[in-house]
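Input: a single structure, listed below in C-alpha cells.
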C-alpha cells in the first residue's frame with residue numbers, strides 16, 4: 001500500500017466516523033429521541049412480540065450500517081458524504097443484495113424503534129425519511145454514480161435492485 005493510499009484510507013475512516021455521527025446519528029438517534037423520548041407506549045396491539053421484532057430490526061440495521069460505512073472507508077477510500085465521495089464503487093458486503101443498504105439500514109432501525117416504542121409518529125417519520133431518501137437517490141445519487149463509475153455502476157444496477165434486496169448475493173467478479 002502506498003503512502004497516498006494509506007493517507008486516503010485514514011482520511012476516509014475519520015471522515016466516515018464524523019459523518020456517521022452527524023447523519024445517521026441525527027436520523028436514527030436525535031430525531032427519534034425528540035419524537036419518542038425513548039418512552040414506550042401501549043398503542044399497538046400485541047405489543048410484546050412487536051417489541052421483540054423491533055429490537056431485531058434495530059440490531060440488524062445497526063450491524064448493516066456499520067458494515068456499509070466501514071466498506072466505504074476501507075474499500076471505497078471515501079465516505080458516504082457527498083463532499084468526500086469514494087474513489088471506488090463499493091459492491092461487496094450488503095451491496096451484493098441491495099444497492100442502498102445504508103438507507104435500508106436506517107429504515108430498519110426507524111421501523112424497529114417505532115415497534116419497540118409503539119410510536120405511530122415514528123412510523124410516519126420513517127415513511128417521510130424513506131420518501132426524501134428515495135428522491136435524493138433518484139435525482140442526485142444515481143446520476144452522480146452513473147457519471148463517476150459509468151461501466152461499473154451500469155453493471156451493478158443491472159444485477160442489484162435499488163430497494164428490495166435480492167434473496168441471494170450478486171456474485172460480482174470484480
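Derivation of every value follows stated rules applied to the coordinates shown; laboratory data play no part. No experiment lies behind these values; they were computed from the predicted model shown. Note that each Cβ is placed from the backbone with ideal geometry, even for glycine, and that neighbours are counted across all protein chains shown.
Observations on the model:
- Flag if residue 90 is without any contact (Cβ under 8 Å) to a residue 60 or more places away in the chain and under 16 Å from the mean Cα position of the chain (by Cα): yes
- Wholly within segment 98-154, helices (runs of 4 or more DSSP H) carrying at least 3 residues that are surrounded by fewer than 20 Cβ atoms within 10 Å (Cβ to Cβ): 120-136, 142-148
- For residue 55, the criteria (1) buried (at least 21 other Cβ atoms within 10 Å of the Cβ); (2) under 29 Å from residue 169 (Cβ atoms) hold in every case but one, which is (1).
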